[in-house]
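Reviewing the structure listed below.
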Amino acid sequence: MLGSHQSDGEGEAQVSRTDGARGEATRLIHAGRATAAASPVRTVAPTLQRGSTLLLPRSRDLYREDIPTYGMNSLAVHDALKAALGDLEGADHVELFSSGLAACTGAILCVVEAGDEILIVESVYGPTRRFCDRFLTRMGVTTRRFTPKASPDEVAAMIGPRTRLLVLESPGSLTFDMLDVAALARVARARGVLTMMDNTWAAGLIFKPLDHGVDLSVQALTKYVCGHSDVFLGSVAARDRAVALKLANFVRDTGASTSPDDVFQALRGLRTLKPRIERHGQNGLIVARWLQTRREVKRVLHPALPDDPGHGLWARDYAGACGLFGLVLEPASDSAVEAFLDRLKLFGLGFSWGGYESLAIPCDPQLRRTPAAQDLGGPLIRLHVGLEDPQDLINDLEQGFAALAAAPP
Ligand SMILES: *Cc1c(COP(=O)(O)O)cnc(C)c1O
């Protein structure tokens, strides 16, 4: 083996040398392959294996049900991430998906049947809503929406004989409305209806849906768990055996598959999730409180602020905040809002969030697509506050406000 530091003729180097009598094509295929004594040194992270085919010692092992026989979602690194997420979520069963959206749609699809109806909160992640409107409608599943302001009793009154699933997200995408998740899960369960929650904002860390009676806890690992804006991945966690079985069968039947490289990155991100999210939350609140003092800002949408309408629920249920929140500007023209955003240098203009860096987007184009969007009384901006020094972020926003003031009305 060229470049091998081994000189004692052990391990893989010996395999290629003793096989030297074989043809070159054979040697190209069989030299330097994984051996049973896989990892000669012990690293901190689990060994990253890439594999579709798994080689089994005996032919009768090929059809065993109790061991992995195929590489799809069942390499050591998949098991390691599922175990770590199971611990985080307090779940007995976790499945991985290739994106957060695939996890949201998988969690819905694994439990619905043609003829069913689902109830979703209007403030749920936009692409999930679009999936319900387009795809589920074709599959014969009806979607009815309720506003995040609806009381649990009002939601309970919407439940009918065909209702199968309640779909929640708190705080809601873009508008940051808080839900009484425990009360909603309770009224659903009392009527035999399952509950699914998109918990990406809390990253499985600052809110634990399964502890509050939710059946399917979903998150886009793309955001805080991976944490570096370079991987797509999602997860669904469940505690109930029957639900877990439906979820596992769905993944198996549809071939939902995740790359070991991506899974490795998620596991790496998970190790620093807690200190990162704590810092995102602290920095976010520093910036949010400063924004509240600005005359250009009508309202800051952040449930950890005491005057936020969702603060009571947040204080009761949440162990902290992340760095994502909204701000409503005083009425301003589209071009003034563009001037504000385009002046920002530290806040990148881009979708997604949960990475180490700060981001900003205007939300009004998305809100206009939402029929029941509430009138916030001014343009809505979403900020993701990263791990930069908060004073630098404040200075950046101050420059943005200068551009806003200078823009033609
Ligand atoms: C980003 C996001 C998703 C989707 O995650 P992707 O990995 O981008 O598909 C789902 N839900 C919420 C709340 C999100 O913010």
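Just so it is clear, none of the values below were taken in a lab; they were calculated from the coordinates. Since the model is a prediction, treat every value here as computed from it, not as a measurement. Quick reminder, even Gly has a Cβ in these numbers, built from the backbone with ideal geometry, and neighbours come from all protein chains shown.
Each peptide in 119-127, 184-192, 58-66 receives the mean, over its residues, of other Cβ atoms within 10 Å, and ordering these scores from highest gives 119-127, 184-192, 58-66.
Maximal additional length on extending the Ala406-Ile394 stretch stands at 2.5 nm, based on 0.36 nm per residue less the C-alpha distance. Placing dummy labels 7 Å off each Cα toward the beta-carbon, the span from Thr147 to Leu387 is 4.1 nm.
For Asp375 and Thr47, the FRET efficiency from 1/(1 + (r/R0)^6), where r spans their Cβ atoms and R0 equals 56 Å, is about 0.55. Each principal axis of the Cα cloud of segment 13-154 was taken in turn, and the coordinate range along them, longest first, works out to 76, 34, 29 Å.
Modelled this way, with points 7 Å down the Cα-to-C-beta line, the labels at Arg295 and Tyr356 are 3.9 nm from one another. By its C-alpha gyration tensor, with a ≥ b ≥ c as the square roots of the eigenvalues, how is segment 273-406 shaped: rounded for a/c under 1.5, else prolate for a/b larger than b/c, else oblate? Because a/c hits 1.5 or more and a/b fails to exceed b/c, segment 273-406 counts as oblate.
Per-residue ellipticity at 222 nm computed for the chain from its helices equals -10500 deg cm²/dmol, with DSSP H segments shorter than 4 residues left out and the rest contributing -39,500 (n - 2.57). Segment 198-253 to segment 276-319: how many Å between their Cα centroids? Spelled out, the Cα-based centre of one part sits 25 Å from the other.
Each 10 Å bin from zero up to the one holding the largest Cα-Cα distance in the chain carries the following percent of pairs: 4, 20, 27, 22, 14, 8, 5, 1, 0.
Cα centroids of segment 97-125 and segment 144-163: how far apart, whole angstrom? Answer, in whole Å: 16.
Of the trypsin sites (Lys or Arg not before Pro) found in segment 299-369, those that fall in a DSSP loop while having at most 12 other beta-carbon atoms within 10 Å are Lys345, Arg369.
For segment 192-259, the fraction of C-alpha pairs more than 17 angstrom apart is 47%.
One chain, two ends: Arg64 and Leu245. Fully extended at 0.36 nm per residue, the span grows by 63.3 nm beyond their Cα-Cα distance.
Go ahead and run the numbers for FRET between Leu55 and Asp211, Cβ-Cβ distance against an R0 of 41 Å, rounding to 0.05. All intermediate terms of the calculation are to be shown ahead of the outcome.
Working: r = 41 Å, r/R0 = 1.00.
Working from the Cβ atoms, E equals 0.50.
Rounded to the nearest 20, the Cβ-based charge dipole of segment 77-226 about its Cα centre (Lys and Arg +1, Asp and Glu -1) stands at 440 debye.
Counting neighbouring beta carbons within 10 Å and listing from fewest to most, the residues Ser229, Ser235 come out as Ser229, Ser235.
Think of each Lys and Arg Cβ as +1 and each Asp and Glu Cβ as -1; about the Cα centre, that makes the dipole of the chain roughly 680 debye.
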